[in-house]
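Taking it in order: structure first as structure tokens, then the write-up.
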Amino acid sequence: MLNKRFFLYALLSLVVYGVIQGMIFGEVLDDTYVDTLVLIGINIILAVSLNLINGFTGQFSIGHAGFMSVGAYVSAIFTVNLEMNFVLGLLAGCVAAALAGLVIGLPTLRLKGDYLAIATLGFGEIIRIVWLNTDYVGGASGLNGIEKITDWTWTFFLVFATIVIIQNIVNSTHGRALVAIRENEIAAEAMGINTTKYKVIAFVVGAFFAGLAGALHAHYFYIIQPQSFGFIKSFEILVFVVLGGLGSTGGVVLGAILLTVIFTALQEYPDLRMIIYSLILILTMIFRPRGLLGNWSVKKALKKKGGDSHGNTTSA
């Protein structure tokens, strides 16, 4: 909703954007730092979109990289093979990924838990194999020659839009239905909530933004290859969400930032990356099972602070 708090966050975001943009223009930040910033933005979009499915709706999806790959390939086909503009390529990639979410969602979202995880994992691998065996998009060697259009500005404002849209969904009546499904699906059905419908909606919206992240990725790194969107990528996105805290938008943003910085620092040691991700996941489950921030949100923190300032505190 457009209220004072929203405009405050928007203003603070613009200040952050302006400062970083000024540092880029002034060459205070070199290409390595800009690459990291763009990668952080892409990973935030992936984490926030998966959090809608896994965190707020309570579904166990581990095929998010498949939706990302659809957005990446379709957008690149539009801009490279069909020679269309970037905006149209972005939209095409997002819509194609959303349709893929609908296709996988309708037959599988009656499944729960491990069965749904296996189904989504299978979907991601099917998509990867399709790209691997399609000569039109370069097959195993990938699709290259993609123009580098994505930059800090594109990334920042699309990350902002993603967070705003998904938070508005979560705070709406539809969002309350999603949370009800997460808490107790049987009770939600008894209350008249069409659980399959809402789970499909969450999948479609999550896939749409995963496609957006894929399109940004394709138009920043010049080349896309099927192996970039395998199970390891899906696992990486899942770790962002689990580390930050399922159901916490601020948490998954923090998780994406921290792990992207770690990934960048360990680029020279690629074999260690998955080991470190696995250790982080294990330690998080032991010491912080609800993630770094759990269900913490800026809104709750501000309300609590406001209550404390008026002396309306609760006893421990």
Kindly indicate whether any position in region 69-80 is buried (at least 24 other Cβ atoms within 10 Å of the Cβ), closer than 19 Å to residue 154 by Cα, touching a Ser or Thr at 6+ places or on another chain (Cβ under 7 Å) and polar (S, T, N, Q).
no
Looking only at residues that are touching a helix residue (DSSP H, G or I) at 6+ places or on another chain (Cβ under 7 Å) and either surrounded by 16 or more Cβ atoms within 10 Å (Cβ to Cβ) or touching a residue at least 12 places away in the same chain (Cβ under 8 Å) (or both) in region 126-138, which one is nearest to residue 186 (Cα to Cα)?
127
Every residue from region 4-49 that is closer than 23 Å to residue 169 by Cβ and among the hydroxyl-bearing types (Ser, Thr, Tyr):
9, 13, 49
Scan of region 158-168 for residues that are over 15 Å from the mean Cα position of the chain (by Cα) and of a type in the set (A, V, I, L, M, F, W, C), ordered by number
none
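Inspect region 53-76 for any residue being more than 30 Å from residue 196 (Cβ to Cβ) and either in a helix (DSSP H, G or I) or out of contact with any helix residue (DSSP H, G or I) (no Cβ under 7 Å at 6 or more places or on another chain) (or both) and give the result as yes or no. Please lay out each step first, then the result.
Here is the first cut: in region 53-76, the ones more than 30 Å from residue 196 (Cβ to Cβ) are 76.
With the extra rule that they be either in a helix (DSSP H, G or I) or out of contact with any helix residue (DSSP H, G or I) (no Cβ under 7 Å at 6 or more places or on another chain) (or both), the set shrinks to 76.
For region 53-76, residues more than 30 Å from residue 196 (Cβ to Cβ) and either in a helix (DSSP H, G or I) or out of contact with any helix residue (DSSP H, G or I) (no Cβ under 7 Å at 6 or more places or on another chain) (or both): present.
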Test residue 169 against the criterion of being among the aliphatic types (A, V, I, L, M), touching a residue at least 12 places away in the same chain (Cβ under 8 Å), over 23 Å from residue 235 (Cβ atoms) and part of a helix (DSSP H, G or I), and give yes or no.
yes
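State whether one or more residues within region 185-207 are free of Cβ contacts under 8 Å to residues at least 24 places away in the same chain, among the charged types (D, E, K, R) and either in contact with a strand residue (DSSP E or B) (Cβ under 8 Å, 6 or more places away or on another chain) or surrounded by fewer than 24 Cβ atoms within 10 Å (Cβ to Cβ) (or both).
Yes, there is a match, as at least one residue in region 185-207 is free of Cβ contacts under 8 Å to residues at least 24 places away in the same chain, among the charged types (D, E, K, R) and either in contact with a strand residue (DSSP E or B) (Cβ under 8 Å, 6 or more places away or on another chain) or surrounded by fewer than 24 Cβ atoms within 10 Å (Cβ to Cβ) (or both).
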Residue among 175, 214 that alone is out of contact with any Lys or Arg (no Cβ under 9 Å at 6 or more places or on another chain), closer than 25 Å to residue 78 by Cβ and assigned to a helix (DSSP H, G or I)
214
Among 61, 49, 69, which is under 28 Å from residue 230 (Cβ atoms), among the hydroxyl-bearing types (Ser, Thr, Tyr) and in contact with a His (Cβ under 8 Å, 6 or more places away or on another chain)?
49
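Every residue, every condition in (1) closer than 21 Å to residue 49 by Cα; (2) among the polar types (S, T, N, Q); (3) surrounded by fewer than 19 Cβ atoms within 10 Å (Cβ to Cβ); (4) modelled with pLDDT under 85, yes or no:
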{"site": "234", "(1), (2), (3), (4)": "yes, yes, no, no"}
{"site": "241", "(1), (2), (3), (4)": "yes, no, no, no"}
{"site": "248", "(1), (2), (3), (4)": "yes, yes, no, no"}
{"site": "251", "(1), (2), (3), (4)": "yes, no, no, no"}
{"site": "255", "(1), (2), (3), (4)": "yes, no, no, no"}
{"site": "260", "(1), (2), (3), (4)": "yes, yes, no, no"}
{"site": "271", "(1), (2), (3), (4)": "no, no, yes, yes"}
{"site": "275", "(1), (2), (3), (4)": "no, no, yes, yes"}
{"site": "283", "(1), (2), (3), (4)": "no, no, yes, yes"}
Restricting region 107-153 to residues that are farther than 22 Å from residue 80 by Cβ and of a type in the set (D, E, K, R), which is farthest from the chain's Cα centre (by Cα)?
110
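The values are calculated or read from the model by the stated rules, or taken from the named source; none is laboratory data. These numbers come from a predicted model, not from an experiment. Methodologically, a virtual Cβ is constructed for each residue, glycine included, from the backbone with ideal geometry; neighbour enumeration extends over all protein chains shown.
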